[in-house]
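Colleague: Just passing along the structure, written as structure tokens.
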Amino acid sequence: MALKCVGRLCPVMQQLRRTATPCLWKTSLVVLQQDHHTTLLSRHLATKSSKGKTKGQARVNLNTDLVKDIIDLKDVEGDMRNVLDSLKEDFNKNLSIRTSPGAFDHIIVKTKDGKFQLSHLGQITLKSPRLFVINMASFPECANAVMDAIRESQMNLNPELQGTLIHVPVPMISREHRENLAKLAKQLTNKAKDSLRKVRSGALQEVKKFKASVSEDTIKLIEKQIQQMVDDLSAEMDKQLASKTKELLEPDRSAQK
């Protein structure tokens, strides 16, 4: 019985192929050819490290040497990373709550022999949660210059010189001040992301200049790679912000003891 049904259906199927579906067959073939072309292009431009990474959203990892005549992606990534480095520097310089010797890293001391980082002139130690001590035994002649630099650092510190030791008392930091610093951290991060987008826009403008001489698929892959760089570094900025916000708002338990 089943064989008889199949036998009856075969002529019908053959007739449908001859009459109703030629256009559909042709359209499907074109789509398959386009997908195959894009796949081959992606494989040609992709580096070895991108193979096998199919979990989640597909990532682009172009061979930068093959598109260098269009745009130098290493330079673009370098410009974007400079934005991230500047954000980290801003965090250390402007958002310090003075809980470690690293809080003084950004202070530059002007001496008769030139400009030097404070940490290069004196040994900084945290004697207690409320007191830093800077040992100037190696460069005692620079002690006054170091004190001036600390006063002018906008860290609201008042150092005191005792022999070759500079004592730097740390004032209590109010909750309101911590919250204001956290808001500033958010503002600095948003500003950095704006700078990141400017780098992306400039790079995309460069790529668009080659639209007449380079395939559309290649242009799209490069644009996707650039956007991927932006997304990765934006995520890193968010991590830096989360870490800094936690540091700023978390009560200093050691200071309360």
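So that you can scan it fast, the table gives a plain yes or no per residue for (1) surrounded by fewer than 16 Cβ atoms within 10 Å (Cβ to Cβ); (2) more than 21 Å from the chain's Cα centre (by Cα):
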{"residue": "L161", "(1), (2)": "yes, yes"}
{"residue": "T164", "(1), (2)": "yes, yes"}
{"residue": "V170", "(1), (2)": "no, yes"}
{"residue": "R178", "(1), (2)": "no, yes"}
{"residue": "D194", "(1), (2)": "yes, no"}
{"residue": "I222", "(1), (2)": "no, no"}
{"residue": "I226", "(1), (2)": "no, no"}
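Colleague: Residue check, K211 against (1) in contact with a helix residue (DSSP H, G or I) (Cβ under 8 Å, 6 or more places away or on another chain); (2) among the basic types (K, R); (3) touching a residue at least 24 places away in the same chain (Cβ under 8 Å), all met but one. Which one?
Modeller: Of everything listed in (1) in contact with a helix residue (DSSP H, G or I) (Cβ under 8 Å, 6 or more places away or on another chain); (2) among the basic types (K, R); (3) touching a residue at least 24 places away in the same chain (Cβ under 8 Å), K211 misses just condition (3).
Colleague: Residues that are farther than 23 Å from T125 by Cβ and at pLDDT 95 or above: which helices (runs of 4 or more DSSP H) entirely in the stretch 138-257 hold 2 or more of them?
Modeller: By residue number, 175-208, 216-249.
Colleague: Let me ask something else about it. What about S96, is it open to solvent by less than 50 Å² (accessible area, probe 1.4 Å), under 30 Å from H120 (Cβ atoms) and modelled with pLDDT of 65 or more?
Modeller: yes
Colleague: Would you point out the residue of the stretch 228-249, among those that are charged (D, E, K, R) and over 27 Å from L62 (Cα atoms), that is most open to solvent (accessible area, probe 1.4 Å)?
Modeller: Residue satisfying both the conditions and the ranking: K246.
The values are calculated or read from the model by the stated rules, or taken from the named source; none is laboratory data. Note that the structure is predicted; figures quoted are calculated from it, not measured. We place every Cβ from the backbone using ideal geometry, glycine too, and count neighbours over all the protein chains shown. We work out accessible area using only protein heavy atoms, side chains counted, and drop any ligands, DNA or RNA first. Shrake-Rupley method; radii C 1.70, N 1.55, O 1.52, S 1.80 Å.
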